[in-house]
Amino acid sequence: MDKFLIEGGKCLSGEVRVSGAKNAALPIIAAALLVRGPLEISNMPALHDVNTMLKLIACMGVDVKETGDMQVTIDSSAINSYKAPYELVKTMRASILVLGPLLAHFGEAEVSLPGGCAIGSRPVDLHIRGLEAMGATIVVEEGYIRAKIDGRLKGAKIFFDTVTVTGTENILMAATLAEGQTIIENAAKEPEVTDLAECLIAMGADIQGAGTDTITINGVSELQAASHSVIPDRIETGTFLVAAAMSGGCVTTRATRPDIQEAVLQKLIEAGAEIETGDDWIKLDMKGKQPKAVNITTAPYPAFPTDMQAQFAAMNCVAQGVSHIKETIFENRFMHMQEMIRMGGKILIDGNTATIEGSTELKGAPVMATDLRASASLVMLALVVTGETLIDRIYHIDRGYENIEEKFQQIGGKITRISATN
Ligand code: EPZ
């Protein structure tokens, strides 16, 4: 397994280009299953999870072509299977996103039940209940979700008692081809849901209210070929800005959007950073100062994103003062804290709340990545504290960050990938 060798004590400065959002690209790839004809997707990030999703639909007979830099064209006309096999689904839970489109367009789907993952049990009951409300017959057996509908799905009023991002996206996609009107109440408002909706509207879908907690979809008989550019990744953006803040440096993130990450930018200002923004860039200048510790409570968008919790935990470990981090979305998303304690982090965990006392005494140490965002937080901490750090199991990070070591090297980070073969 590849490792990262990192030399700490660096002040990060310079510019870095943000890639397209992983969590927008994944549902948009699934949306290609709704239409017979090419869906042209640009600003596609080069990520392991994106490759897995493209492999998943390709194994169904869907035509997938790299048609340029960060551009993919997908055509489902020749699809010959409606099965998402365990071998692929077990490596990426977001594979569940093919369930709604397959059912809506082809009347059947067989998708392996995604297991849990490091951060939680990750049930998909709300996806299943929503599709059943639209008339699907769904049986869960032998580790598979087997779904069928004779004719078209029927529009329905669906209330999510928990805000679910991919649950909202699955029902949104299924509803575009359903007969009649679907109303999704307590819908997820994440920008990635809105980006998916904009792609579906470009394909001819009739959708109102994306980005609010009530989305109304009037089903149409078919969708058309279209092209769409994936929004920038707000979590990758936040990762580089927090890394800059921890190092006392000055970093500009390019090809991003300040309007979809207010909560994170507010927390960085509270930590003492100077933030300047333009249409597609964000500049953070810490002017050599140590950040102030900030309290965090994660919640659905537009509140503070759970995917940025680990990164702020890293910052709080080296900040001035004591802070509290409360994780309200997932039941086990503090594993990075144990590794930070190995580096000298002063952290007390009590259930879903962690208390962190900032310190300048942290040192590099051998640590292990456990999930995507936890891995990023360990890289950030290792770049800043004194000494050398070796991070194991960095395949987690490759799932959601494009060329992270090159991007950190561009802004002064001393990080090298040690491949298992050498
Ligand atoms: C999406 O996961 C993201 N993944 C996650 O990003 C992100 O952390 C999460 O939303 C929350 O923002 C993608 O978009 C591919 P949820 P998702 O359904 O949709 C419960 C990353 O790092 N729930 O919004 O799987 C669930 O247990 C990843 O990029 C049910 O109970 O998350 C959780 O407590 C990690 N039943 C809460 O809802 C369901 O049927 C929110 O989960 C579905 C969810």
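The values are calculated or read from the model by the stated rules, or taken from the named source; none is laboratory data. It should be emphasised that the depicted structure is a prediction, and the values quoted were computed from it without experimental measurement. All Cβ positions, even for glycine, are placed from backbone atoms using ideal geometry, and neighbour counts span all protein chains on display. When the accessible area is computed, the model is the full protein with side chains, heavy atoms only, and any ligands, DNA or RNA have been set aside. Shrake-Rupley method; radii C 1.70, N 1.55, O 1.52, S 1.80 Å.
Things worth noting here:
- Proximal lysines relative to residue 83, as straight alpha-carbon distance under 19 Å, when same-chain residues fewer than 8 apart are discounted: 55, 148
- Local net charge near residue 80, Cβ-Cβ under 15 Å (Lys/Arg +1, Asp/Glu -1): -2
- Working note: Cα gyration tensor of region 161-305, eigenvalues times five, square-rooted, sorted largest first, giving semi-axes of 36, 17, 9 Å.
- In region 285-336, one over the average inverse separation of all distinct C-alpha pairs is 11.8 Å, which is the Kirkwood hydrodynamic radius.
- Within the same chain, aspartates and glutamates fewer than 8 places from residue 363 are excluded, and of the rest, those with a Cα less than 18 Å from its Cα are 7, 339, 388, 392.
- Reduced Cα scattering model of the chain, Debye log10 I(q)/I(0), q = 0.08 Å⁻¹: -0.43
- The peptide list 129-141, 222-234, put in order of mean Cβ contacts within 10 Å with the highest first, becomes 222-234, 129-141.
- When the solvent-accessible area of the chain is split by element, carbon and sulfur atoms take up 49 percent of it, the probe being 1.4 Å.
- Formal net charge of residues neighbouring residue 344 (Cβ-Cβ distance under 9 Å; K, R +1; D, E -1): +2
- The calculated pair-distance distribution of region 76-187 uses every alpha carbon pair, bins of 5 angstrom beginning at 0, and gives 2, 13, 24, 25, 20, 11, 4, 1 percent.
- For the chain, accessible area per residue (1.4 Å probe, heavy atoms of protein chains only), Å²: 37 Å²
- Amide H to amide H, with H built 1.01 Å from N, residue 297 comes under 5 Å of 326, counting only residues 5 or more places away or on other chains.
- A cut-off of 5 Å between modelled amide H atoms, ignoring neighbours fewer than 5 places along the same chain, links residue 322 with 358.
- For region 209-275, the extents of the C-alpha atoms along the principal axes are 55, 25, 13 Å, listed from largest to smallest.
- Within the shell of other residues whose beta carbon sits under 12 angstrom from the beta carbon of residue 395, the net charge comes to -1, with Lys and Arg scored +1 and Asp and Glu -1.
- Reach of residue 326 by Cα under 24 Å, taken over lysines that are not fewer than 8 positions away in the same chain: 189, 267, 292, 346
- Antiparallel content of DSSP bridges confined to the chain, in %, to 5: 70 percent
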